[in-house]
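These notes concern the structure reproduced below.
Here, each number is a calculation from the coordinates, and none is a lab measurement. All of these numbers come straight from a predicted model, not from anything done at the bench. Here the Cβ is made from the backbone with ideal geometry for all residues, glycine too, and neighbour counts use every protein chain on show.
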């Protein structure tokens with residue numbers, strides 16, 4: 001049967017000389033893989049450049065439950081970006097975020113709250129004119145709400161060390177290495193409380209941002225089985241230095 005759904009591109013790989021397999025997070029069916037024939041040919045009806053990381057799509061698809069590869073009838077842009085594909089910092093952020101989503105979202109079922117969070121955040125990323133250096137940190141922290149391990153924000157003057165394993169703030173520095181120091185924990189607490197663009201008011205230098213980002217990624221690795229690294233992180237560091 002044919003269905004209409006919105007989708008967010010997470011990844012694509014070449015399948016044959018003219019075809020690709022695209023991994024797309026859909027509003028109606030969760031994560032799905034689609035074989036799209038002929039997109040790399042000169043006469044392609046659907047062009048390959050529509051499958052760049054985090055591109056937002058309107059799709060008409062054939063869907064059969066539990067099938068590994070689904071098929072599409074039509075795909076169009078659901079939102080025309082003004083600068084995300086053309087701005088190096090934003091396109092690098094898109095690759096970085098898409099890799100994280102590709103590795104963390106596995107469910108083949110709808111999650112409308114998660115989809116709306118992603119769809120709206122990606123549009124915001126395209127439209128942002130300032131505060132880009134902290135966008136990904138805020139995004140990743142609040143993404144955990146929808147992935148099931150949002151931190152317990154019990155921060156206080158005494159509970160001032162965030163324990164990445166426990167997912168909450170502790171009075172005493174943990175005996176293991178997976179925690180945020182006092183300065184990082186204070187910023188983390190502020191990020192947890194922020195909404196919208198409030199994160200733009202935080203002042204962190206490059207070293208502080210990278211250290212906090214690496215700790216947040218550790219938090220992901222500890223709470224999602226099977227994730228060990230993010231390959232695009234090195235490129236991200238170079239572009240945002």
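Data table
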{"item": "Label-point gap, in nm, between residue 52 and residue 237 - each point 7 angstrom along Cα→Cβ", "result": "2.6 nm"}
{"item": "Degrees separating the helix 132-147 axis from the principal Cα axis of the chain, which is the longest one", "result": "80 degrees"}
{"item": "Gain upon complete extension [residue 190, residue 227; 0.36 nm per residue less C-alpha separation]", "result": "10.7 nm"}
{"item": "Full-stretch length increase - residue 106, residue 45 - with 0.36 nm per residue and alpha-carbon distance subtracted", "result": "19.0 nm"}
{"item": "C-alpha center-to-center spacing [segment 1-75, segment 211-230] in angstrom", "result": "28 Å"}
{"item": "Average Cα contact separation per residue, the chain, under 8 Å, 6 or more apart, as relative contact order %", "result": "16 percent"}
{"item": "Equivalent ellipsoid dimensions for segment 79-141 as semi-axes, Å, which come from the Cα gyration tensor, largest first", "result": "21, 13, 11"}
{"item": "The chain: angle of helix 206-223 to the longest principal axis, Cα-based, in degrees nearest 10", "result": "70 degrees"}
{"item": "Label point distance in nm, residue 86-residue 182, each placed 7 Å from Cα along Cα→Cβ", "result": "4.8 nm"}
{"item": "Gaussian network model of the chain, springs between alpha carbon atoms under 10 Å - residue of 102, 220, 62 with greatest fluctuation", "result": "62"}
{"item": "Between helix 182-193 and the chain: long-axis angle, C-alpha atoms, 0 to 90°, nearest 10", "result": "50 degrees"}
{"item": "Approximate spin-label separation residue 69-residue 4, in nm, with each point projected 7 Å along Cα-to-Cβ", "result": "2.8 nm"}
{"item": "Residue of 67, 89, 203 that the Gaussian network model of the chain assigns the largest fluctuation, springs spanning Cα pairs under 10 Å", "result": "67"}
{"item": "Rounded FRET efficiency, nearest 0.05, which uses the C-beta distance separating residue 15 from residue 116 and R0 of 22 Å", "result": "0.15"}
{"item": "Calculated FRET efficiency for the pair residue 175/residue 205, C-beta based, R₀ 30 Å, to 0.05", "result": "0.55"}
